[in-house]
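Encoded as structure tokens, the structure appears first; notes follow it.
Each value in this text was obtained by applying a stated rule to the coordinates, not by laboratory testing. Because the structure is predicted, anything quoted here is derived from the model rather than measured. Glycine gets a Cβ as well: all are built from the backbone with ideal geometry, and neighbour counts include every protein chain shown.
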Amino acid sequence: MKDQRVWVITFGIIAMMSMLIGGTVSQSLPTNLFVNFIPNQVNETCEGDVGVGVGYSFAINQCIQLQGRSYYFVVDALRAGWKVYNSTECKGKFDVESFKNGSCVFAEFAWTPSWTTMYISESEVTSPSVPLDTIIYSQYSEKDCKDLQFYYYFVTGYQFATPYFNSTFSCDSQTPMDYICMEGCKGTAKHCCVSKELPTTCESDTNSIYSCNTIN
């Protein structure tokens, strides 16, 4: 029986790798699935605070550009896999990753890398498993913001630090805001920090929209 279970698991992994390399998709699965990464942040056990970190929700079977790379996500049975290209057009050499549904995965797609729980769904996910207010960035493939490619989201109050500035994201009366403070700047002088309202209508140059998801 143990040998049979090992064979089944091995066969599933081989089938997923073959699909990623060959591009075939199971005909019995829906074509509008999403691969989601729910932040846990603390360690590889994914038992940390789900309100910390950045969450992602990627549509399958599309070339997705993100932070100078491109990704192609696929789903087969209870596994999700993705190709990672160093180009932005899903061309050339690529690395492959594949995990069972529900796995604890170290997500390095953008923003601050963190441990996440990966799972497959038939609709996009825009909040941690524990409902919290979030700011959502939606990326589309068309200039009129149709055909959703992916979401990423962060909980209201999430702070993103760089060597040059710190950003704190919040929702003010359903308006997504980015509060930016220059690194090393002291006090509350106007030149130290500035509030930036994030666009809530379709940006034709980026095919993207920001929005707030408020839990009442």
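Using the Cβ atoms and a cut-off under 10 Å, what net charge is assigned to the surroundings of residue 90, where Lys and Arg are +1 and Asp and Glu are -1?
So the surrounding residues net to +2.
Could you sort the peptides 157-165, 203-211 by per-residue average Cβ neighbour count (10 Å cutoff), highest mean leading?
203-211, 157-165
Output wanted: per-residue J couplings in Hz (rounded whole) for segment 144-161, from phi through Karplus 6.51 cos²θ - 1.76 cosθ + 1.60, θ = phi - 60°, x for Gly and Pro.
Coupling constants for segment 144-161: 8, 6, 10, 6, 4, 9, 6, 10, 10, 9, 9, 5, 3, x, 4, 10, 10, 10 Hz.
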